[in-house]
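Here the structure is laid out as C-alpha cells; the discussion comes afterwards.
The values are calculated or read from the model by the stated rules, or taken from the named source; none is laboratory data. Keep in mind that this is a model prediction, so the values were computed, not measured. Here the Cβ positions follow ideal geometry from the backbone for every residue, glycine too, while neighbour counts run over all protein chains shown.
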Ligand code: SF4
Ligand code: SF4
Ligand code: SF4
C-alpha cells in the first residue's frame, strides 16, 4: 500500500526552524510506523533523524506522536492511522526540547527527573553474604512497577507537564514509589521529604491520565496516590499542603463533612496575612453573590460522632 | 424512579446555587430523591483511602438498607465513591474487614450491591433520553456550549467505564448538549483536570489550567461551559478572574452546573436556576435564553 509520511523536521545545524517533509512510500499492509521510517531513511532521505533500539516494544526508545497520539513507533501499525486517508503525521512529543527532527532531549524529558528521586536502594541492614534477600511475595507489587521501561508515555499524557515542564511527572514518581515501598529500604520519611517538595507528589492533580497511557499497566497515578497516602500517614512535610489537609481532615472528623470557609482560611495559614489578604477580594465577591460559606457556623451532621469513630479507628490502625 | 440522594458538601457550601437547582430539576423530571443525611464526606481525594473507604462503605450500607441506588451531583463525589465501591465489590475479603472493623459496631453491613450514579449517568442509563426530550420546553437553539467533564467522571476505567458499552459515559455531556438543542463547541481539554486539586500546592499551575480551558472554549465561540462537577465550577468560575490576571487575557466565560443547564431547557427561568450567584456574569446567557421561544 502507498502511504504518505508527513514528518516534522528541524535541523539545528541549518536554520533550526521547524518544518515538514512528505515522503510517499510503498509498504506492506502490516508494516509498523518504524518500518516506514527505516525505509525512508534507507531509501529516500538519510538525513532524517529518529530514535529506535530494540524494534520490538521492549525498550521504549522510539516514542513519537503518530497523527497526534503518543505511540511506540515499533509496535504501532500504520493502518491504525490511515482509515480516513493514506497518510500519517509524525511529530516529537508535545512538551520536550527537540534536538533534531524526531529526536528529542531525553535528559530534560525524563532522566534528570529520575535522578532527582534517588533511584537506588538504601538498605536498612547490611547485606549478608553480599545479598539482601526478601521473600518473593514481598516483591509482587514492586515487580509490576519494575517492569517500567521508561517509554515516557505516561509523561506525554500527563495533564500537569504541559503546564509546568519542571513537574517531576508520573514516570519519575513511579520510580520513587518503587524505592519508597521496598521493604528492604530505610528512611522512607527522608525519601518522601524530597518528593513532597514543590514540583513533586502534591503537584499531581490525580487525573488518572497516566494510567490510561501506560502500555505496561503500571498505573502511575495509583502509585502517586499511594505515596501521598503514605505521606499523610507519616505526617505531611509540605507546609502548605499539610495545613490544607489537616484542616480538611479535622473538619470531616469533627462534623462529618467539609467546612469550606474554614478550609480556605486555614489553608492559607492563620498567621499568613498576605495570603489572607489575597482571599479577601474573592471572599467579598463571593459574599456579594450569596456564595461564600461562613466558617465556624458549620453545623454538625447527624451521625458525625460515627464518622469521628471511624476516623479515630483508622488513625489508630495505621500507626 | 427513586434514589438515595448524596448532594455532597460543595453543592451547599462553595456552590450553594447547585443544590436547589438539582432538587428543582429532579422534581420536574419526576425523579424522586430521598436525601442521605446521616453520612460523611467522600474524602474528595484528599483523605487517604484508609480513612475514606470505611466512611464510604458506611454510606453504601445505608443506601443498601434503603434498597435504593445513590445519585450524586458532583463528579468528585462520584469518582471517589466509584473507586471505593469498586474496591469493596471486587474484594469480598476487604469488604468483610471493613464491615467488621468499622461498621458492625453500628449494626451496619455493606453487602456490595449499591450502585452509585451521577445525575448525568442517570439521565442516559435509567431515565431515558426520549423521555427527557418529551419534557423539553425551551430547546437551547443557537447557543454554543463547551463540555467540561473534569477527570473524576471519566477515569479510572475499572471504576468508571467497566464495560465497553459504558465507555459511552465519556461522551454523555457532548451528547446532552445536542439533545438539549444547543450546539457543541468542542474543546481539547474537556476531560482534563480543571486544576482545582492543586490550588493549594501549586496555584500558578492551577490557574494556568483554568485559563487554558476557558480560553479555548471562548475561542471556539462558546456562550458558556457546562460541568457536572462543582469543584471544577469553583475553579473555572470562581478563579477565572485570577486566571485572567495571571495569563494576561480577558476571558469572561460563564460556567453552568449540569442541573442549571438542564433546567433552562426544561423551561425554568434563569432566576430559578440561581444563575446570578456565579462569579463570572451569566448576563449574556440569560439574555440569549430570554429571546428563545
Ligand atoms: S495523575 Fe498526576 S502525574 Fe498522572 S497524568 Fe495526572 S497529573 Fe500527571
Ligand atoms: S510507567 Fe508505564 S508509561 Fe510510564 S515510563 Fe514506565 S512503562 Fe512507560
Ligand atoms: S467529595 Fe467534595 S463535594 Fe463530595 S462530599 Fe466530599 S467535599 Fe463534599
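Candidates in the range B:132-187 are the residues that are under 18 Å from residue B:263 (Cβ atoms) and free of Cβ contacts under 8 Å to residues at least 12 places away in the same chain; of these, the one that is surrounded by the most Cβ atoms within 10 Å (Cβ to Cβ) is B:178.
Are any residues in the range A:175-224 in contact with a helix residue (DSSP H, G or I) (Cβ under 8 Å, 6 or more places away or on another chain), under 26 Å from residue A:126 (Cα atoms) and part of a helix (DSSP H, G or I), and if so, which ones? Across the range A:175-224, the qualifying residues are A:175, A:176, A:177, A:178, A:179, A:180, A:188, A:189, A:191, A:192, A:194, A:195. Kindly evaluate residue B:33 against the criterion of being touching a strand residue (DSSP E or B) at 6+ places or on another chain (Cβ under 6 Å) and away from ligand 1 (no atom under 16 Å from the Cβ). Here the answer is yes, as residue B:33 does meet what is asked.
Within the range A:174-200, the set of residues being within 13 Å of ligand 1 (Cβ to nearest atom) and closer than 25 Å to residue A:137 by Cβ comprises A:174, A:175, A:176, A:177. Here the range A:163-174 is the region considered, the condition is being in contact with a helix residue (DSSP H, G or I) (Cβ under 7 Å, 6 or more places away or on another chain) and either more than 8 Å from ligand 2 (Cβ to nearest atom) or assigned to a loop (DSSP other than H, G, I, E, B) (or both), and the residue that is farthest from the other protein chains (Cβ to nearest Cβ) is A:172. Counting only helices (runs of 4 or more DSSP H) that sit completely within the range B:1-117, those holding 1 or more residues that are crowded, with 17+ Cβ neighbours inside 10 Å, near ligand 3 (Cβ under 10 Å from one of its atoms) and facing chain A (nearest Cβ under 10 Å) correspond to B:49-66, B:75-90.
Of the residues A:85, A:76, A:138, only one is surrounded by fewer than 16 Cβ atoms within 10 Å (Cβ to Cβ) and either without any contact (Cβ under 8 Å) to a residue 24 or more places away in the chain or in contact with a helix residue (DSSP H, G or I) (Cβ under 9 Å, 6 or more places away or on another chain) (or both); which?
Just one listed residue meets the conditions, A:85.
For residue A:224, the conditions (1) away from chain B (no Cβ under 11 Å); (2) modelled with pLDDT under 60 are fulfilled apart from (2). For the range A:199-229, a tally of residues being without any contact (Cβ under 8 Å) to a residue 40 or more places away in the chain and more than 16 Å from ligand 2 (Cβ to nearest atom) returns 5. Just one residue in the set A:205, A:163 is crowded, with 19+ Cβ neighbours inside 10 Å and either within 30 Å of residue A:133 (Cα to Cα) or within 16 Å of ligand 3 (Cβ to nearest atom) (or both); that residue is A:205. Of the residues making up the range B:260-279, those that are touching a residue at least 24 places away in the same chain (Cβ under 8 Å) and in a loop (DSSP other than H, G, I, E, B) are B:266, B:267, B:268, B:272, B:273, B:274, B:278, B:279. Among the helices (runs of 4 or more DSSP H) confined to the range B:163-259, the ones with at least 1 residues that are over 21 Å from the mean Cα position of the chain (by Cα) and within 12 Å of another protein chain (Cβ to nearest Cβ) are located at B:203-219, B:240-247.
Conditions tested, residue by residue: (1) buried (at least 24 other Cβ atoms within 10 Å of the Cβ); (2) touching a helix residue (DSSP H, G or I) at 6+ places or on another chain (Cβ under 9 Å).
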residue	(1), (2)
B:193	yes, yes
B:199	no, yes
B:210	yes, yes
B:216	no, no
B:227	yes, yes
B:236	yes, yes
B:245	no, yes
B:251	no, yes
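Within the span defined as the range B:50-71, every residue fails to be within 16 Å of residue A:206 (Cβ to Cβ) and within 16 Å of ligand 1 (Cβ to nearest atom).
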